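**Q** My structure is below; once you've seen it, I'll send some questions.
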Amino acid sequence: MENGKVRGFEDLNVYKQVRLFTNKIYELTRQNTFSKDFGLVDQIRWASVSIMSNIAEGFERGSNQELIQFLYIAKASCGEVRAQLTIAYDQKYITESSYKELTGQARLIGGMLGNLIVYIRGSRFKGSKFKKTPILSMKDELDKLLNKTNH
């Protein structure tokens, strides 16, 4: 991030939080009996990765409308992770403190995604794919070409 400008999805605070969260999910699912429940491990990992992936894909689409659509999918995946954490807790794969910590983080991330959606909806910027390239005069075009060849 340069001068407070977001250059890529990696600069988004929510993406940074999801990255930490996903790493915690992977760490948690490597432990003890949890690691032996292959179905639940695959599902919770997939859902946490889905949060990251949908933020990235939506951002890279280049339009606010598509970004919002993918942020909603990411938000839904947050809910899915919370449900799977409940299953893990009920099966005694994780402690109550881990359950509370991780579901709290998932709720925080869901809230951040919701806030980002509201912000983008209110923005007049339509997305990078709709940016118009400035039209230069013939003189400016020639100067630009000549400066490139002289360097």
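**Q** How large is ³J(HN,Hα) for each residue in region 41-58, as worked out from phi by the Karplus curve 6.51 cos²θ - 1.76 cosθ + 1.60 (θ = phi - 60°), to whole Hz, x for Gly and Pro?
**A** Result, ordered by residue: 4, 4, 5, 6, 5, 4, 5, 5, 5, 4, 4, 4, 5, 6, 4, 4, 5, x Hz.
**Q** Please count, across region 1-112, the pairs of lysine residues with Cα atoms under 25 Å apart that sit 8 or more places apart or on different chains.
**A** Within region 1-112, the lysine pair count is 13.
**Q** Let me ask something additional. When the dipole is taken about the Cα centre of the chain, and only Lys, Arg (+1) and Asp, Glu (-1) are charged at their Cβ, what size is it in debye, to the nearest 20?
**A** Roughly 420 debye, rounded to the nearest 20.
**Q** Karplus couplings for region 78-91 from phi (6.51 cos²θ - 1.76 cosθ + 1.60, θ = phi - 60°), rounded to Hz, Gly and Pro as x?
**A** 4, x, 4, 4, 4, 5, 5, 5, 5, 4, 4, 5, 4, 7
**Q** Helix-only mean residue ellipticity at 222 nm, the chain, DSSP H runs n ≥ 4 weighted -39,500 (n - 2.57), per residue, nearest 500. What is it?
**A** -24500 deg cm²/dmol
**Q** In addition: Convert each backbone phi in region 18-26 into a coupling constant with the Karplus relation 6.51 cos²θ - 1.76 cosθ + 1.60 (shift: θ = phi - 60°), then list the ³J(HN,Hα) values in order as whole Hz, x for Gly and Pro.
**A** Calculated HN-Hα couplings, in order: 5, 4, 4, 4, 4, 5, 5, 4, 4 Hz.
Read-outs: derived from the displayed coordinates by stated rules, not from any lab. Not measured: the values here are computed from a predicted model. Here the Cβ is made from the backbone with ideal geometry for all residues, glycine too, and neighbour counts use every protein chain on show.
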